[in-house]
1. Using Cα atoms only, what is the angle between the long axis of helix 6-16 and the major principal axis of the chain, expressed in degrees (0 to 90) to the nearest 10?
2. What are the ³J(HN,Hα) values, in whole Hz, obtained from phi via the Karplus relation 6.51 cos²θ - 1.76 cosθ + 1.60 with θ = phi - 60°, for each residue of region 236-252 in sequence order, with x given for Gly and Pro?
3. For region 456-468, in order, what is each residue's ³J(HN,Hα) by Karplus, 6.51 cos²θ - 1.76 cosθ + 1.60 with θ = phi - 60°, in whole Hz (x at glycine and Pro)?
4. For residue 103, which sequence-distant residues (separation of 5 or more, or a different chain) have an amide H within less than 5 Å of its own amide H, given hydrogens modelled in the peptide plane?
5. Amide H to amide H, which residues 5 or more places from residue 355 or on other chains are under 5 Å from it, using H placed in the peptide plane?
6. Output wanted: per-residue J couplings in Hz (rounded whole) for region 350-366, from phi through Karplus 6.51 cos²θ - 1.76 cosθ + 1.60, θ = phi - 60°, x for Gly and Pro.
7. Over what distance in Å are the Cα centres of region 358-435 and region 78-109 separated?
8. Rank these for me by crowding, 28, 350, going from fewest to most other beta carbons within 10 Å.
Amino acid sequence: MRSDSRDEKAASTLRSLPDPLTVPPDDIRYENLCRAYNYRFVARPDYFQLAHSPQQVESAVRAAVAAGKRIVARSRGHCGEDFVASPDVEVVLDLSPMSRVGFDPERGAFVVEAGASVGRMVRELFHGWGVTVPCGFCMGVGAGGHISGGGYGPMSRRMGLSVDHLDAVEVVVVDGNGTVSTVVASRAENDPNRDLWWAHTGGGGGNFGVITRYWMRSPDASGTDPAGLLPRPPGALHIAEASWSWEDLTEADFVRLTGNFLNWQARNSAPDSPDVDLYATLNCLHRSAGNVGLQAHLPEDAPHASARMDAFLHALRSGVRAAPAVSRQSLPWLAATQYLAVPDTGPSAIALRCKVKSADLCAPHTPEQLATAHRHLTRDDYRGGYASLEYIAYGGEVNAVPTGATAVARGALTKSFYMVTWKDPADDERQLRWIREFYRDMHASTGGVPVPNDVTTGAYINYADVDLADPEWNSSEVPWHALYYGANYPKLQEVKAKWDPLNVFHHALSVVAEP
């Protein structure tokens, strides 16, 4: 796709420069770059560098290593912890200018630069070729971190994870002598760098090097027509939304409603389930912040789509006395993604302080856990934030891939996502205490964390939570890395020792090589 616009010419000029743009503290751009999505953490590096090409990334890493400066990379800044804004970070390498999405005929795959947002990736792939990658609908999140952590979203039950379509990854690495180089690692069985590709199929960002580009192509794709190399989304989505007011919900109603949702997921989340194309989220906001809301959709042209949605809504309402407000509509695919998207601009997305937690479920929460959730979501001593527990449909094709085939753990049928956002720094302690106590009490029988057992499979690294490594909040004696990576962690340690032996790339929850 060619463009003769002034902006494209300017971008081309920047890409051709040998070194990235440097932004020191006295630059007008510095303060803006100090803040990313989570305003709890403000970076104060010696300088920022804005990279426009893989060559500039390599140059920035080489200069930082030579100077003995700690460098971290940031794609679009949606990390929930201070992995980038840690006080000891001296150089922040910002990859957001590297946001191109296109087709690479030499590799026969779609190339996505690490700084591209999920929203741009979805739009460009669909507009250009009518294809997509199963990914999240938080449109401002960067591909660099989203894909490397596994990458899931509304299409994952039908299409698997983002990493299930990862053909290759380009990474700037540093060897034991401090030599900086750029490596391409692919899923080809005979690729000598295949272990580095594997580590980026769920091993998380910031562990092994700086990701510059991904190449996306489905493993079973054949031919040379780009339109046949990634999944094709449905033409339109049939969407249902329901809302239950807290004023109408008793504790018994809440436990029954959430239990109905989780039980439906448990019954209908096998890869061969007839309802694997039905995706839904149940967002349980704190009583002071809103209501309990459902969003569900399935392809408009799926067999008996409307009747199947009727049956799903009926299953959720079974035994619940409170009646929801329900609306339904159909929208073309791309319009539906925009309608369902988490916004990345405006007051609800900018200048937020946040904390997130997660637990992946292979079976429903118990009635006792759901009663605990009701207690925390209706606590009268909590006010002033956007606080919620969200249950997210999962499973399906995700679990058609063996756990060891990629670095991301498999086996979950539903994701649970805990989140609180607020704006006043004076509220930090109160907001953090609420979500920490909530999460601890939900997992009280397993030391305050989702220890893998017959209900939970662990947690999701892209919802990074340093509390899992803190004995005050994790009394289970199960280490944080077992919660995120399970049996895959030892292999990740081997990759770390091979590709980042000097531990140049690290953070509070980074992979640690065997001593």
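Read the figures in this text as sums done on the coordinates, not as results from a lab. Model, not experiment: these values are computed from the prediction. Positions of Cβ are generated from backbone atoms using ideal geometry, with glycine treated the same way; all protein chains shown enter the neighbour counts.
1. 60
2. 8, 10, 8, 10, 10, 10, 9, 9, 10, 6, 4, 5, 9, 8, 7, 4, 4
3. Running phi through 6.51 cos²θ - 1.76 cosθ + 1.60 with θ = phi - 60° gives 10, 10, x, 9, 10, 4, 6, 9, 4, 9, 5, 4, 5 Hz.
4. Under 5 Å from the amide H of residue 103: 111.
5. Under 5 Å from the amide H of residue 355: 420.
6. 10, 6, 8, 10, 8, 8, 10, 8, 8, 8, 8, 10, 9, 7, x, 4, 6
7. Taking the Cα centre of region 78-109 as reference, the centre of region 358-435 is 26 Å away.
8. 28, 350
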